[in-house]
1. Just give me the residues in the stretch 78-122 being buried (at least 16 other Cβ atoms within 10 Å of the Cβ) and hydroxyl-bearing (Ser, Thr, Tyr), in sequence order.
2. Of a type in the set (Gly, Ala, Ser) and farther than 30 Å from Ser4 by Cβ: which single residue out of Gly78, Gly37 fits that description?
3. Any idea how many residues of the stretch 35-77 are of a type in the set (Ser, Thr, Tyr), open to solvent by 40 Å² or more (accessible area, probe 1.4 Å) and under 23 Å from Trp90 (Cβ atoms)?
4. Yes or no: the stretch 9-27 includes at least one residue that is farther than 19 Å from Ile102 by Cα, more than 14 Å from the chain's Cα centre (by Cα) and open to solvent by 40 Å² or more (accessible area, probe 1.4 Å).
5. Report every pair of residues separated by at least 6 positions or lying on different chains whose Cβ atoms are under 7 Å apart, first residue within the stretch 43-58 and of a type in the set (Ser, Thr, Tyr) and modelled with pLDDT under 85, second surrounded by 15 or more Cβ atoms within 10 Å (Cβ to Cβ) and assigned to a loop (DSSP other than H, G, I, E, B).
6. Do any residues in the stretch 82-95 that are under 14 Å from Gly20 (Cα atoms) have Cβ atoms under 8 Å from those of residues that are surrounded by 10 or more Cβ atoms within 10 Å (Cβ to Cβ) and of a type in the set (S, T, N, Q), where the two are at least six apart or on different chains, and which pairs are they?
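The values are calculated or read from the model by the stated rules, or taken from the named source; none is laboratory data. Computed from a predicted model, the values in this text were never measured in an experiment. Virtual Cβ from ideal backbone geometry, glycine too; neighbours counted across all protein chains shown. Keep in mind that these areas ignore ligands, DNA and RNA; they rest on the heavy atoms of the full protein, side chains included. Shrake-Rupley method; radii C 1.70, N 1.55, O 1.52, S 1.80 Å.
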Amino acid sequence: MRTSGILLPISSLPSPGGIGTMGAAAREFVDFLHAAGQHYWQILPVCPTSYGDSPYQSFSTFAGNPYFIDLDLLIEDGLLKKAEVEAIDWGSDPMNVDYGKIYCNRFDILRLACSRGWGRDA
């Protein structure tokens, strides 16, 4: 039996946070693929990127890329406020990832979410 699929990096999914994440857009894309009769979604490695932001050049093959953490889910969990995320400059071109701005801003907002969730009851 022949099947088909598509190659699309997670970073290419639409997102207000400057880069695609493993959030709602990923789930919607999987639903779209299913409805279109596709069987596979091949993604690039999801490890943290290093110099050049290449998924094939990473510090770790075991860690996940913090760029792919969905900020909307952190808002839903009460760890971030929507206004805090919207106040960040993620880049001016929604068609291109501005890795410099994401690198400068992403970790600060994730640390804020972490500080609000640390020691919190599940």
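1. Tyr99
2. None of the others qualify; the one that does is Gly78.
3. In the first step, residues of the stretch 35-77 are kept if they are of a type in the set (Ser, Thr, Tyr); the result is 40, 49-51, 54, 56, 58, 60-61, 67.
Among the residues that remain, those that are also open to solvent by 40 Å² or more (accessible area, probe 1.4 Å) are: 40, 51, 56, 58, 61.
Then keep just the ones that are under 23 Å from Trp90 (Cβ atoms); that gives 51, 58.
Qualifying residue count, the stretch 35-77: 2.
4. no
5. Close Cβ pairs (under 7 Å, with a partner that is surrounded by 15 or more Cβ atoms within 10 Å (Cβ to Cβ) and assigned to a loop (DSSP other than H, G, I, E, B)) amount to Ser50/Ser58.
6. Trp90/Asn105
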